[in-house]
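What follows is a short report on a single structure.
The values are calculated or read from the model by the stated rules, or taken from the named source; none is laboratory data. It should be emphasised that the depicted structure is a prediction, and the values quoted were computed from it without experimental measurement. Cβ atoms come from the backbone with ideal geometry, glycine included; neighbour counts cover every protein chain shown.
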Ligand code: MN
């Protein structure tokens, strides 16, 4: 394990004026926090954090990033709190450590193609700061290096697959190719060990057949360059097993047909020299047509710059040559991390020039499409408007930003949306209109009795949810107006001595084409009840109360049946109904004092006391609570524990000692409400409760 002095020396190598005290403090703090915990290898747990810090120090990352690496597992694996980190190391470090912790909590479960891309985007969205992702990648690299200590082969393979599908592509996109190569190679070795061995063996054969090949080629290249007066550093590097395998897959060729197993690199001082070298190489060796690529004029999207060409080399076989400057070489290996290292200040990445590059990079990272395509700014916006959430099975659902639990339900299946009654978000019961956040795990609760509520249309954001709700409401509306109309007509009959008889209903008088249309218009309030009464013999003009009452069970609230928002009746209350033209029926408390004179006949209505039904009603409470910081949380907690959900909450009045909360609660019936009121009254923070 690297000691704190070694680590500090390593950081100082790249950066003379480092905050040594901070590094030492983080080193000791993390070591103490992890205490006697052990890794699978038997090494102390903290050795992992120290090695992650070493990887980042070698990349020349800034001190805060290295401090974050030392602390990256303390929130998850020890008793340290976020507040403590903030107090000791400042808010920036606390924020970065929190970010890495959040990333680690995301569980990768599926490898379906579009899920994989969603996963990468989710990780980026959660990262917020690119340094969070860099620490996470170093963390993953060290876990891969120590993968062989994990006993279970299934577990090793699972981690390897996740690394290959998620982390290696992320490393590649921010240009950290050395990390990407190493992660990929270990992952490939773990998952496809027989393929790995086949290629490795074959490489060994090629090497032993012509073991001077690399040396001879380097010497020959050096000679022609010196003749042209150019000093350059030349090296030959065998490609990684995994990248050879990928090439074989892509081109569908055998190992023998791959001619660029070894890449030669010529590193010079300036861009001009790159093109000079290219000229010298092309005039001394025969070029393989169609293989020349100029990534200096047109860099790759992860800012990779280099000239690539393939020529017939000194040993009469094709060799790949990459020509670049030192700076380009560093970026090719380290990508975004290179920007922290080639200047001496501490948080260099904040300098304008680098910042711009980081910004461009983020554009590419966050775009919807394949990173090989050129991106425009609008695509970044598109990404910012997405949010990714999990099903309980671990599938990722992509939704537009602002989407609610109802949108999520419809996204899974129309039938789930149509019958949802609640949602458990990250294990906690939450209202259906809750706006979802990245990484939320959403479990939709459904009930056969439920049907879409017209009110949902106001808060859903996806086209699918909107369309489904509207379709349901439209069909349902027609049906319910007819049903309400029929009940109202029977209600009128019951005021008289006549028994119900459809022959008496001269619907043609109202320009209705059918009896159903007539009922529909009565239900809608377009044909007043007095006109219905007038159709019967010896029609009176005065309407009294009927012996009958209208049953509310048949109606889904919010379509043709509405609960008045002055008195909020709930199941069990004494109620009356009023017909509102074009809307249907509005139900008030029987003693509501907001009902205006002359709104039409008051209609006797009754609840159907069907306890089984999942009917839900809104009750409005005024709760006076102690003016203490925790009061709010206590109240909301009691309400949710009581199986109710809050649909609206408002602080009305605040004094030094108390404040008045106006809370709209969704509950089942009056008994449910009484129970809830009782449990609120027991609470010491509650002064009084009144239903409005
Ligand atoms: Mn870790």
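Among the candidates 105, 156, 140, 173, which residue alone is within 15 Å of the ligand (Cβ to nearest atom) and over 19 Å from the mean Cα position of the chain (by Cα)?
Of 105, 156, 140, 173, the one residue that is within 15 Å of the ligand (Cβ to nearest atom) and over 19 Å from the mean Cα position of the chain (by Cα) is 140.
Of the residues that sit in the range 412-424 and are in contact with a strand residue (DSSP E or B) (Cβ under 9 Å, 6 or more places away or on another chain) and surrounded by fewer than 20 Cβ atoms within 10 Å (Cβ to Cβ), which one is farthest from residue 467 (Cα to Cα)?
424
Name the residues in the range 295-306 that are modelled with pLDDT of 80 or more and surrounded by 16 or more Cβ atoms within 10 Å (Cβ to Cβ), would you?
Within the range 295-306, 295, 296, 304, 305, 306 meet the criteria.
Any idea which residue in the range 44-74 is nearest to residue 95 (Cα to Cα), counting only those that are within 13 Å of the ligand (Cβ to nearest atom) and not in a helix (DSSP H, G or I)?
That would be 72.
Specify the residue that is surrounded by the most Cβ atoms within 10 Å (Cβ to Cβ); the eligible residues are those in the range 143-153 that are closer than 19 Å to residue 108 by Cα and either within 16 Å of the ligand (Cβ to nearest atom) or not assigned by TED's automatic domain parsing to the domain that holds residue 67 (or both).
144
Any residue at all in the range 7-26 that is in contact with a helix residue (DSSP H, G or I) (Cβ under 8 Å, 6 or more places away or on another chain), at pLDDT 90 or above and either assigned to a loop (DSSP other than H, G, I, E, B) or within 16 Å of the ligand (Cβ to nearest atom) (or both)?
The answer is yes, given that some residue of the range 7-26 is in contact with a helix residue (DSSP H, G or I) (Cβ under 8 Å, 6 or more places away or on another chain), at pLDDT 90 or above and either assigned to a loop (DSSP other than H, G, I, E, B) or within 16 Å of the ligand (Cβ to nearest atom) (or both).
If you check residue 119 against the conditions, is it assigned by TED's automatic domain parsing to the domain that holds residue 182 and either within 16 Å of the ligand (Cβ to nearest atom) or closer than 20 Å to residue 26 by Cα (or both)?
No: the conditions fail for residue 119.
For residue 471, all conditions in the list (1) part of a loop (DSSP other than H, G, I, E, B); (2) out of contact with any strand residue (DSSP E or B) (no Cβ under 6 Å at 6 or more places or on another chain) hold save one; what is the number of the exception?
Condition not satisfied by residue 471: (1).
Yes or no: the range 401-413 includes at least one residue that is at pLDDT below 85 and within 17 Å of the chain's Cα centre (by Cα).
Scanning the range 401-413 turns up at least one residue that is at pLDDT below 85 and within 17 Å of the chain's Cα centre (by Cα).
Conditions: (1) without any contact (Cβ under 8 Å) to a residue 12 or more places away in the chain; (2) farther than 23 Å from residue 557 by Cα; (3) over 35 Å from the mean Cα position of the chain (by Cα). Residue 674 meets all but one. Number of the miss?
Residue 674 satisfies all of (1) without any contact (Cβ under 8 Å) to a residue 12 or more places away in the chain; (2) farther than 23 Å from residue 557 by Cα; (3) over 35 Å from the mean Cα position of the chain (by Cα) except (2).
So in the range 521-556, with the set limited to residues that are at pLDDT below 75 and under 54 Å from the mean Cα position of the chain (by Cα), which one is surrounded by the most Cβ atoms within 10 Å (Cβ to Cβ)?
Top of the filtered list is 556.
Out of the strands (runs of 3 or more DSSP E) lying entirely within the range 573-654, which hold 2 or more residues that are in contact (Cβ under 8 Å) with a residue 24 or more places away in the chain and within 44 Å of the chain's Cα centre (by Cα)?
In the range 573-654, the matching strands (runs of 3 or more DSSP E) lie at 584-589, 617-626, 645-654.
Do the conditions hold for residue 84, that is, is it within 15 Å of the ligand (Cβ to nearest atom) and either without any contact (Cβ under 8 Å) to a residue 24 or more places away in the chain or part of a strand (DSSP E or B) (or both)?
no
Would you check if there is a residue in the range 329-342 being at pLDDT 85 or above, more than 26 Å from residue 127 (Cα to Cα) and not assigned by TED's automatic domain parsing to the domain that holds residue 134?
Yes, there is a match, as at least one residue in the range 329-342 is at pLDDT 85 or above, more than 26 Å from residue 127 (Cα to Cα) and not assigned by TED's automatic domain parsing to the domain that holds residue 134.
Given the criteria over 24 Å from residue 2 (Cβ atoms), at pLDDT 85 or above and either assigned to a loop (DSSP other than H, G, I, E, B) or more than 14 Å from the ligand (Cβ to nearest atom) (or both), does residue 125 qualify?
no
Of 93, 116, which residue is surrounded by fewer than 19 Cβ atoms within 10 Å (Cβ to Cβ) and part of a helix (DSSP H, G or I)?
Going through 93, 116 in turn, the sole match is 116.
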